[in-house]
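Novice: For reference, the structure I am asking about is given below.
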Amino acid sequence: MNDPVEVIGGGLAGCECAWQLAERGVPVRLWEMRPKRTTPAHKTGDLAELVCSNSLRSDDPEHAAGLLKREMEAFGSLIIRSARHAAVPAGSALAVDRDRFARSVTKSLEIHPLIRLERREKTRLPVGDAVIATGPLTSPEMSRALTELLGGEHLYFYDSIAPIVDAEDLDLAKLFRASRYDKGDGDDYLNAPLDRDQYLAFHRAVLDAEVTPLHDFEQTLFFEGCLPIEELARRGVDTLRFGPMKPVGLRTPDGQRPYAVVQLRQEDLARSRYNLVGFQSRMKWGEQKRVLRMIPGLEQARFARLGQVHRNTFINSPVHLNRFYRLKARPRIRLAGQITGVEGYLESAATGLLVGLYLGLERSGVSAPALPITTALGALARHLTESSSKRFQPANINFGLFPELEGGRKLNRGERKEALVERARRALVAWRDELAHGEERLSLDGLERDPTEPSDLIEVVQCAG
Ligand SMILES: Cc1cc2nc3c(=O)[nH]c(=O)nc-3n(C[C@H](O)[C@H](O)[C@H](O)COP(=O)(O)OP(=O)(O)OC[C@H]3O[C@@H](n4cnc5c(N)ncnc54)[C@H](O)[C@@H]3O)c2cc1C
């Protein structure tokens, strides 16, 4: 069977996915509604347009985002290749000239003999093999089609992100472990108690902090159940104390009920990160750091992510997706990109790559196991499929998504990163080797290397470049 795969959405994910498929000999119909019909954030008709920042995050090989890039390059990623061609100086980040980048991706796809570009909106879910990669600003018709299939309660239209802090920098002497009313395991949360003066100072600081202006299309996005903290603070001095900072059901270890509390919920299985529950915010990032460090125990906090509120269409992936990004309800439909609940250009492209890879292998008769969860690509899929469906939130790639290292020795931050990267490299090579047995046609160019050469993943990938 070599029917074309319908890839809907020519953004970061759709473009990478179409490329991976076509490079594996699979014909593709790539649907992009722009420029005829645009989104509130896109400005051009180019494929893979970057709507905001021009950065694809860190290129440091020992940063999770750097590792993800190298894994993608190992599979011949179009997005990373085009980004390197269009790179502009940005320290350790990979930032691009956005027009050059988008034009380069567009050109590569337009001239590919196996890709047919349809400049039209797709309003229905296809019947055959298809990939939905319509992004955070999916057109209303397509959102409706997904809602009909998945149920409205599993499709979100906004994203309110609470800040995340690294556990290492918390002052545990000022925090206490407890769950509200001792529910759950009793120690699921770290709690930062505030006395009256601390609370009032915090409330004042939130009120005075500068916030980022809203885009027009975001004006309607304030849902009562999900208000940013500065919006709550504006409604009255006690609103936060009756909202996300409510102390009910919590007692400090000496039996006192605090005046107000900030709850920190474990973000990963390794307890290396915590999110500040209900602390979605539109405060400017510098302001947010300053204000949040007023919370007792967070004075030295380092932020893995800051709070945000913006429009974002994504599904409850732990309920609906399997490791191969197939919809459980309609397995011939795969989802890729931000609509799966990953966050960011890089991560969206990475999921597009995986969908294209798996479907391309399947079309050539190869039954591939899912990539190991110890790789960056596998860790992203793990986040989408194994997170709690009740608390599912989009995520960037970070080492907190990886399974913890085995072995008793305590590693410092640098050693831990090095060990995680090395483990990912080994896992990727083992996956390739397992696949390659008895499968001559399979070519993962980026991973091929002379086994006699001492090399790590980074060198392997650069050789392939
Ligand atoms: C306002 C805003 C700011 C952002 N800023 C950043 C940032 O600074 N850094 C970052 O990493 N990420 C940012 N993001 C997230 C970013 O958009 C995504 O990470 C990334 O673009 C997602 O890739 P994608 O392929 O899933 O979606 P997109 O890149 O958005 O691609 C989806 C494509 O599908 C098309 N489409 C939609 N519906 C249909 C349809 N029915 N038929 C045909 N085509 C359709 C759209 O026109 C679009 O081209 C931002 C998002 C928004 C909304």
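Novice: Tell me which lysines have Cα within less than 20 Å of Lys328's Cα, excluding those fewer than 8 residues away on the same chain?
Specialist: Lys390
Novice: Asp208 versus Lys246, label points 7 Å from Cα toward the beta carbon: distance in nm?
Specialist: 2.9 nm
Novice: From the P(r) of the range 234-284, could you give the percentage of C-alpha pairs in the tail past 12 Å?
Specialist: 71 percent
Novice: Just read off the accessible area of Arg81 with the full protein assembly in place, 1.4 Å probe, to the nearest 10 Å².
Specialist: 100 Å²
Novice: Which whole number of Å³ per residue matches the convex hull of the alpha-carbon atoms in the range 164-306? Walk me through the intermediate numbers first.
Specialist: Numbers: hull volume 16.6 nm³, N = 143.
With only Cα atoms used, the range 164-306 gives 116 Å³ per residue.
Novice: Could you list the trypsin sites (Lys or Arg not before Pro) in the range 345-437 that lie in coil according to DSSP, counting only those with at most 11 other Cβ atoms within 10 Å of their Cβ? Please report the intermediate quantities before stating the final value.
Specialist: Details: sites: Arg363, Arg382, Lys390, Arg391, Arg409, Lys410, Arg413, Arg416, Lys417, Arg423, Arg425, Arg426, Arg432; in loops: Lys390, Arg391, Arg409, Lys410.
Filter output for the range 345-437: Lys390, Arg391, Arg409, Lys410.
Novice: On alpha-carbon atoms, Rg over Rh for the range 38-158 using Kirkwood Rh?
Specialist: Details: Rg = 16.7 Å, Rh = 16.6 Å.
Reported Rg/Rh (Cα atoms, Kirkwood Rh): 1.01.
Novice: Provide the packing ranking of 367-377, 11-21, i.e. peptides ordered by the mean count of other C-beta atoms within 10 Å per residue, highest first. Don't jump to the answer; show the numbers that get you there.
Specialist: On the way: 367-377: 19.8, 11-21: 30.7.
Per-residue Cβ counts within 10 Å, averaged per peptide and sorted highest first, yield 11-21, 367-377.
Novice: What is the Cα coordinate range of the chain on the first, second and third principal axes, sorted by size from largest, in whole angstrom?
Specialist: 68, 53, 43
Novice: With an 8 Å cut-off on Cα pairs and a minimum separation of 6 or more residues, tell me the relative contact order of the chain in percent.
Specialist: Contact order relative to length: 21 percent.
Novice: Of the listed pairs Lys69/Lys122; Lys174/Lys289; Lys174/Lys284; Lys246/Lys417; Lys69/Lys107, which have alpha-carbon separations greater than 28 Å here? Can you show the working numbers first?
Specialist: On the way: Lys69/Lys122 30 Å; Lys174/Lys289 19 Å; Lys174/Lys284 26 Å; Lys246/Lys417 37 Å; Lys69/Lys107 21 Å.
Distance filter (> 28 Å) returns Lys69/Lys122; Lys246/Lys417.
Novice: Rounded to the nearest 500, what is the chain's calculated 222 nm mean residue ellipticity when only DSSP H runs of at least 4 contribute -39500 (n - 2.57) each, over all residues?
Specialist: Numbers: 13 runs with 148 residues, N = 465.
Computed mean residue ellipticity for the chain: -9500 deg cm²/dmol.
Novice: Continuing with this model, one more query. Rank these by accessible area, largest first, 1.4 Å probe: Glu347, Glu404. Intermediate results must be reported in sequence, preceding the final value.
Specialist: Numbers: Glu347 0, Glu404 80 Å².
The ordering from most to least exposed comes out as Glu404, Glu347.
Novice: Using per-residue counts of other Cβ atoms within 10 Å, averaged over each peptide, order 1-8, 124-131 from highest down.
Specialist: Numbers: 1-8: 19.0, 124-131: 17.5.
Highest to lowest by the protection proxy: 1-8, 124-131.
Novice: Between Glu62 and Ala430, what FRET efficiency follows from the Cβ-Cβ distance if R0 is 22 Å, with the result rounded to 0.05? Can you show the working numbers first?
Specialist: Details: r = 21 Å, r/R0 = 0.94.
For Glu62 and Ala430, the calculated efficiency is 0.60.
Novice: Further question: Kindly express, to the nearest 10 degrees and within the range 0 to 90, the angle between helix 196-208's C-alpha long axis and the longest C-alpha principal axis of the chain.
Specialist: Tilt relative to the chain: about 50 degrees.
The values are calculated or read from the model by the stated rules, or taken from the named source; none is laboratory data. None of the values given here were measured: they were computed from a predicted structure. Glycine also receives a Cβ, built like all others from the backbone with ideal geometry; neighbour counts cover every protein chain displayed. SASA here: full protein model, heavy atoms, side chains in, ligands and nucleic acids out. Shrake-Rupley method; radii C 1.70, N 1.55, O 1.52, S 1.80 Å.
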